[in-house]
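The values are calculated or read from the model by the stated rules, or taken from the named source; none is laboratory data. If you're wondering where the values come from, they're calculated on a predicted model, not measured in any experiment. Neighbour counts are summed over all protein chains in view; Cβ atoms, including those assigned to glycine, are modelled from backbone coordinates with ideal geometry. Quick note on the areas: whole protein, heavy atoms, side chains included, nothing else; ligands and nucleic acids left out. Shrake-Rupley method; radii C 1.70, N 1.55, O 1.52, S 1.80 Å.
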Amino acid sequence: MANATVQQAVPPAMQPAAKAVVDFAVSSFEQGKPARAPVALNVMPPPTVILSSPTVIPPPATPVTAAPVSANQGDGQVQPGDKRTVTTGDDTLNLRPEAGTSQKPTGSFPSGARLEVATPPDGGSSEKNGFIYVRGPGGETGWVSAEFTRELTAEEAAQPAATGGITTPAAAAYQSVFVNQFAAEKEVGGDASNANCGPSSTLTALLNEGLEIPAIPGIEHNGTTGADVQAVRYWGNQADDTDSDGVYTKEDGTLAYSLDGTGNENSTFTGFKDVENAVAAAGGTTSSVAANSTAIMTAIDNGSTVVISGTFVEKKPAPEGTPEALVSPEGNLYVDSDNDGAPDLRNGVPDEWHQKADTWKGQHGSTQHLVAVVGRTPEGNFIVCDPAHTKPTAAPIELSPAELDAFMRGNAGAIAVNGASTPETETTGG
């Protein structure tokens, strides 16, 4: 355990559900009206609004291929090209510039991240002083403690790798369609505190499919992404829920964005029907897709962009030996973020909600969230645009199928967004 403390970074403090509730309005999903169930959707009728030709061309999909595996994979020896995985539980593993602990870490990897053994710059051995020289999923190189890694078998190495939700070179190729929900609201006069993940993810899907959302009638478009996000909210809600369409009528009869105080409609719920409406307004179509990584992969390969819902927190069974004060009557583990031996309280009640360890880390511990799956890698990982993912930078991330499924666990839903309907692309109801 002493070695673990030295070699690993201190794990992030678990975000209690109280914080998730408080931050919910400034984080991700929308919650002003009852949530619509994330169910399979019927295909939209042929669009009535056809706009300009595509302005964004996404990178082409390529067939899934098995990850290259070293001939020596799984033989118990440390050799360049071998794949290893991080085995630190809930902690992270430090990446260091030298094979020791005397220098400050240059980065870290989450448990489950896949590393590739590499040749160090001096051309020497890849194993030294209990450390191994590796290349991380984002291309970063350095030394990690061998004690907290495990060599994969040849079969494991051939499977898509977990990434921890980092911006890999493959993910960075989709930066042109990424929408930061907080920055977008600021562009139209808001305070960058909103729950606009639904409209922002829908706009990403439209951009990825080469579609353009019409401007809001009566409001001058200021040429920003934020104005487009507001337009997605408007067209998604104005037909059946004007209390959530992001605009209001001023005393002089003109329209304005609803961004202030109790009238901030950007903190209201976005459901898949709203996504469907906005896509139709942009001249696109939607189709049904099951909320699992296999079905989503098929939709991506067929040229769709998929908007999915998920959650970053869930209840966690208490491990054996947990102090009684931290175990709920149902056997779940209470949150103890300050490690004082007493559970954190949410509205005066002990808090059971924990950050999921097997997906990427949400910015505010959101219990409901929408993101856009925009592409995938040849190895079978997904490229995801999470509009609330801003640390360390606002950018697309790469996720393994397991990480995507883990995100959807407890709040699964999906809808495929397609470009303008043609005789070749039209489908029947799903």
Lone qualifier among Ala231, Ala184, Ala227, Ala170 - being assigned to a helix (DSSP H, G or I) and over 23 Å from Glu276 (Cα atoms): Ala170
Residue in region 216-239 that is touching a strand residue (DSSP E or B) at 6+ places or on another chain (Cβ under 7 Å), acidic (Asp, Glu) and modelled with pLDDT of 95 or more present: no
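The rows are residues; the columns are (1) over 13 Å from Pro80 (Cβ atoms); (2) without any contact (Cβ under 8 Å) to a residue 24 or more places away in the chain; (3) open to solvent by less than 10 Å² (accessible area, probe 1.4 Å).
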{"residue": "Pro97", "(1), (2), (3)": "yes, no, no"}
{"residue": "Thr101", "(1), (2), (3)": "yes, no, no"}
{"residue": "Ser108", "(1), (2), (3)": "yes, no, no"}
{"residue": "Gly112", "(1), (2), (3)": "yes, no, no"}
{"residue": "Leu115", "(1), (2), (3)": "no, no, yes"}
{"residue": "Thr119", "(1), (2), (3)": "no, no, no"}
{"residue": "Gly123", "(1), (2), (3)": "no, yes, no"}
{"residue": "Val134", "(1), (2), (3)": "no, no, yes"}
{"residue": "Pro137", "(1), (2), (3)": "yes, no, no"}
Residue among Gly164, Gly189 that is surrounded by fewer than 16 Cβ atoms within 10 Å (Cβ to Cβ), assigned to a loop (DSSP other than H, G, I, E, B) and in contact with a strand residue (DSSP E or B) (Cβ under 8 Å, 6 or more places away or on another chain): Gly189
Subset of region 298-347 (residues that are within 30 Å of Val232 (Cα to Cα), assigned to a loop (DSSP other than H, G, I, E, B) and open to solvent by less than 30 Å² (accessible area, probe 1.4 Å)): Ser304, Thr311, Phe312
Flag for Ala278 being in contact with a helix residue (DSSP H, G or I) (Cβ under 6 Å, 6 or more places away or on another chain), of a type in the set (A, V, I, L, M) and part of a loop (DSSP other than H, G, I, E, B): no
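If a residue must be under 26 Å from the mean Cα position of the chain (by Cα), open to solvent by 30 Å² or more (accessible area, probe 1.4 Å) and not hydroxyl-bearing (Ser, Thr, Tyr), how many such residues does region 252-276 contain? Outline the logic, then answer.
First, pick out the residues of region 252-276 that are under 26 Å from the mean Cα position of the chain (by Cα): 259, 264-276.
Subsequent filtering for residues that are open to solvent by 30 Å² or more (accessible area, probe 1.4 Å) retains 267, 273.
Then drop every residue that is not not hydroxyl-bearing (Ser, Thr, Tyr), which leaves 273.
Adding up the residues that qualify gives 1.
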Any hit, region 134-141, residues being within 30 Å of Phe269 (Cβ to Cβ) and not in a strand (DSSP E or B): no
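Considering region 176-195 alone, what residues qualify as being out of contact with any Cys (no Cβ under 9 Å at 6 or more places or on another chain) and either within 14 Å of Ala394 (Cβ to Cβ) or without any contact (Cβ under 8 Å) to a residue 40 or more places away in the chain (or both)? Show your work before the answer.
Taking region 176-195 as the starting set, the residues that turn out to be out of contact with any Cys (no Cβ under 9 Å at 6 or more places or on another chain) are 176, 180, 182-195.
Scanning region 176-195 gives Ser176, Asn180, Phe182, Ala183, Ala184, Glu185, Lys186, Glu187, Ala192.
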Of residues in region 225-251 being in contact (Cβ under 8 Å) with a residue 24 or more places away in the chain and hydroxyl-bearing (Ser, Thr, Tyr), the one most open to solvent (accessible area, probe 1.4 Å): Thr225
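Is it the case that Gly419 is on the phi > 0 side of the Ramachandran plot, surrounded by fewer than 24 Cβ atoms within 10 Å (Cβ to Cβ) and out of contact with any Ser or Thr (no Cβ under 6 Å at 6 or more places or on another chain)? So that I can check it myself, show each step before the final result.
Details: on the phi > 0 side of the Ramachandran plot: no; surrounded by fewer than 24 Cβ atoms within 10 Å (Cβ to Cβ): yes; out of contact with any Ser or Thr (no Cβ under 6 Å at 6 or more places or on another chain): yes.
No.
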